[in-house]
Amino acid sequence: AGAFSSLASLIEALPVEALEAHPRALAHQAELARLQDDLAAAGALCRRAATLLNEQADEEGEAGALHSLATIERRRGDVDAALEHVARAESLTGERSPVRTRCANTRGLCLTRMGRWKEAEREFRSALRMAEEGGDERFARIIAHNLGTPAGVRGDFAEAMRWLSRLLSREGAAPAPQQAIAHLNTARCHYYRGEFEECERHLERALE
């Protein structure tokens, strides 16, 4: 909808001194770069933001920047570094912090990358509970999708689709990019169950 371009142009209009005086703005710039797949720029901006937020004793802001660093390292394949950033971010947050919820989800994703499915499922369930208690319905739907992965890996396709459907079945809810992956994973479940028409339908939705 052009929101990323608008945000980028607003950030570019600000002097560096202003951004560094308000380092949460730098963290937003880093997140924009991450979403645009410029991981090198995103990592550098996150590190700068985390340093400045630490100097300002903004623990929640610093935790958010560290969590963003964790997601970047996970995408690069450095799971150990990602888990270190997650642990540091969690140490800065309270029990009801939205950042802590995201940390639990990211730790779950790291554990799936390592093939530690039971531990990953435990982290996802913890993240889901925190998201629901915090009233973050949109993120709860994304976490529920992640919970479908361990179930699918162990061959429990009905259970997997029950979790995956939570991301797909909210009438009137704002769409999320992860819905494409949810349709793809649901298609996989139907494929392994021999339900090829349903498989094809979800593949078409994923392409859309």
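See the values below:
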item: All positions within segment 31-90 that are among the acidic types (Asp, Glu) and in a helix (DSSP H, G or I); result: Glu31, Glu55, Glu59, Glu60, Glu62, Glu73, Asp80, Glu84, Glu90
item: Residue within segment 172-186 that is open to solvent by less than 50 Å² (accessible area, probe 1.4 Å), of a type in the set (Val, Ile, Thr) and at pLDDT 90 or above present; result: yes
item: Residue that is nearest to the chain's Cα centre (by Cα), among those in segment 95-119 that are more than 21 Å from Gly64 (Cα to Cα) and of a type outside the set (Lys, Arg); result: Thr112
item: Of residues in segment 103-121 being basic (Lys, Arg) and more than 15 Å from Glu90 (Cβ to Cβ), the one least open to solvent (accessible area, probe 1.4 Å); result: Arg116
item: Matching option when the condition is among the acidic types (Asp, Glu) and either exposed (fewer than 14 other Cβ atoms within 10 Å of the Cβ) or closer than 27 Å to Pro175 by Cα (or both), among Glu62, Glu12, Glu20, Glu90; result: Glu12
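Yes/no matrix, rows are residues, columns are (1) touching a strand residue (DSSP E or B) at 6+ places or on another chain (Cβ under 8 Å); (2) under 17 Å from Ala82 (Cβ atoms); (3) among the aliphatic types (A, V, I, L, M):
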{"site": "His28", "(1), (2), (3)": "no, no, no"}
{"site": "Glu31", "(1), (2), (3)": "no, yes, no"}
{"site": "Gln36", "(1), (2), (3)": "no, no, no"}
{"site": "Ala41", "(1), (2), (3)": "no, no, yes"}
{"site": "Gln56", "(1), (2), (3)": "no, no, no"}
{"site": "Glu59", "(1), (2), (3)": "no, no, no"}
{"site": "Gly64", "(1), (2), (3)": "no, yes, no"}
{"site": "His67", "(1), (2), (3)": "no, yes, no"}
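The values are calculated or read from the model by the stated rules, or taken from the named source; none is laboratory data. As the structure is a prediction and not an experimental result, all values here were calculated from the model. Cβ coordinates were reconstructed from backbone atoms using ideal geometry, including for glycine residues, and neighbour counts include every protein chain displayed. Calculation scope for accessible area: heavy atoms of the full protein, side chains included, ligands and nucleic acids excluded. Shrake-Rupley method; radii C 1.70, N 1.55, O 1.52, S 1.80 Å.
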